[in-house]
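The values are calculated or read from the model by the stated rules, or taken from the named source; none is laboratory data. If you're wondering where the values come from, they're calculated on a predicted model, not measured in any experiment. Reconstructed Cβ throughout: ideal geometry from the backbone, glycine too, with neighbour counts over all protein chains shown. Ligands, DNA and RNA are excluded from the accessible area calculation, which covers all protein heavy atoms including side chains. Shrake-Rupley method; radii C 1.70, N 1.55, O 1.52, S 1.80 Å.
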Amino acid sequence: PRYRPDWASLDARPLPAWFDRAKVGVFVHWGVFSVPAWGSEWFWWHWQGQHDAAYERFVRRRFPPGTTYADFAPQFTAHDFQPRHWAQLFQQAGARYVVLTTKHHEGFTNWGSSVSWNWNSVDTGPHRDLVGELGEALRESNLRYGLYHSLMEWFNPLYLADKQSGFKTQSFVSKKTMPELYDLVLKYKPDLIWSDGDWEAPDSYWNSTSFLAWLYNDSPVKDTVVVNDRWGQGCSCRHGGFYNCADKYRPGTLPDHKWEMCSSLDKLSWGYRSNMSLAEVMEEMSMIEELVQTVSLGGNYLLNVGPTKEGVIAPIFQERLLALGRWLDTNGEAIYESQPWRVQMENTTDTVWYTSKGPVVFAIFLLWPRDSDLHLSSPIPSPGTRVTLLGYGGTLKWQKSPGKGMLITLPYMLPSPLPPQSGWAVKLEGVK
């Protein structure tokens, strides 16, 4: 069927299956904001939109008098950007898709957009097509490619004029936003479009529904492309493909619609900050906890890194991503292509979460029980129940609990004053 440019029709489109199966993605925030590398990727807005004193002081101290935001662009060099190394790292991290910022609210495009004259990565800065180069490398590694794109631009005169008119005029949309979106789709054939920057104006201003109707009906990616829910004021959590709802969203209970949680390894920013401290970086344990809770509640987990202006992913971020990959090498069977089970979380504790695949149930426990006895009250065992620990050879002994559920005897762990640092998954076959 052809989709009509209205939400009733567009929302009825089935979500391409690859997205739910993928479960794990990496988000990359990279742009001119990586040059001051301070505060966050909203640097320009805090500095010249809000005239925040701390930002004004920062620029006075670090840059020559009269510096403008545009002066940062030539320093966005991407000298050390090696797309194949990135792709390899993201693959080792266990990601099945990668989302790159093609343009943030600053309006600088990471490809040679013809409607962003001299404010793009081909005309200035790196003099490279960053979107295209990363896309090629990801496809070589069999990773799906998502493009983040901000609909609005803080200081674009066309946008400001439309805003002034109460969004009754649409010159910014017709001359900038839409040409860019069509260009990105036709040029790079993305698997995913991660829209943002929509909140100031209704979807009728952005022409979102006519773009999505074209995307689903006639674009080169019409059968495979997935989109999120940021297409205009009031769309979030209501319209589009999968739902983001809000940054770092945690629903608490099982939503009835496919969703994604985006989170950042730097707890204070999405873009790179040169003064980031170790305490501000997410720990391995919290990362695994977020992943497990998200997937158990039917979501995908999109974990963000901000590279430097040279295109380096900080070693501490690499280390965390590789730790996630190692965990998934062992426990990925409980994550990839899984479905929420009838119970998502053990009702007595929030440290045991469930996923399932057909008749098989996985119980993922985030803390190793003191006496190595794991009590699960939700699964109903049968005489033929078989229990294994992912990453460990052989079956585990279990017995029916006096109350309800089952008691599993885990392998003996070496005594240590500190509990081991991440989650484990038991595979339960023959339970209800």
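For this structure, a couple of remarks:
- 1 or more residues touching a residue at least 40 places away in the same chain (Cβ under 8 Å) and in contact with a strand residue (DSSP E or B) (Cβ under 8 Å, 6 or more places away or on another chain): qualifying strands (runs of 3 or more DSSP E) within the range 321-421: 352-357, 360-365, 373-376, 381-389
- Any hit, the range 399-412, residues being open to solvent by 50 Å² or more (accessible area, probe 1.4 Å), under 35 Å from the mean Cα position of the chain (by Cα) and either of a type in the set (Gly, Ala, Ser) or modelled with pLDDT of 90 or more (or both): no
- Subset of the range 8-45 that is of a type in the set (Phe, Trp, Tyr) and under 17 Å from Ser121 (Cβ atoms) - its residue that is most open to solvent (accessible area, probe 1.4 Å): Trp44
- Residue under evaluation Arg139, criteria (1) open to solvent by 50 Å² or more (accessible area, probe 1.4 Å); (2) closer than 18 Å to Thr177 by Cβ; (3) in a helix (DSSP H, G or I), criterion not met: (2)
- Residue match in the range 81-91 (condition: under 20 Å from the mean Cα position of the chain (by Cα) and farther than 17 Å from Gly311 by Cα): yes
- Helices (runs of 4 or more DSSP H) wholly inside the range 1-104 that include at least 1 residues being modelled with pLDDT of 95 or more and either touching a strand residue (DSSP E or B) at 6+ places or on another chain (Cβ under 7 Å) or under 21 Å from Asp129 (Cα atoms) (or both): 17-22, 83-92
- Selection status of Gly112, free of Cβ contacts under 8 Å to residues at least 40 places away in the same chain and within 23 Å of Leu215 (Cβ to Cβ): yes
- Flag if Ser263 is open to solvent by less than 50 Å² (accessible area, probe 1.4 Å), touching a residue at least 24 places away in the same chain (Cβ under 8 Å) and out of contact with any His (no Cβ under 6 Å at 6 or more places or on another chain): yes
- The range 115-130: number of residues that are closer than 19 Å to Asn156 by Cα and either part of a loop (DSSP other than H, G, I, E, B) or touching a Leu at 6+ places or on another chain (Cβ under 9 Å) (or both): 8
- Selected residue (only one of Glu153, Glu133 is part of a loop (DSSP other than H, G, I, E, B) and either open to solvent by 10 Å² or more (accessible area, probe 1.4 Å) or of a type outside the set (Phe, Trp, Tyr) (or both)): Glu153
- Subset of the range 182-227 [assigned to a loop (DSSP other than H, G, I, E, B), surrounded by fewer than 18 Cβ atoms within 10 Å (Cβ to Cβ), of a type outside the set (Phe, Trp, Tyr) and in contact with a Gly (Cβ under 9 Å, 6 or more places away or on another chain)]: Lys189, Pro202
- Criterion applied to Gly125, Gly94, Gly135, Gly146 was being of a type outside the set (Lys, Arg) and over 20 Å from the mean Cα position of the chain (by Cα), and the one residue passing it is Gly125.
- Members of the range 228-239 found to be in contact with an Asp or Glu (Cβ under 8 Å, 6 or more places away or on another chain) and open to solvent by less than 10 Å² (accessible area, probe 1.4 Å), listed by number: Asn228, Trp231, Gly232, Cys235
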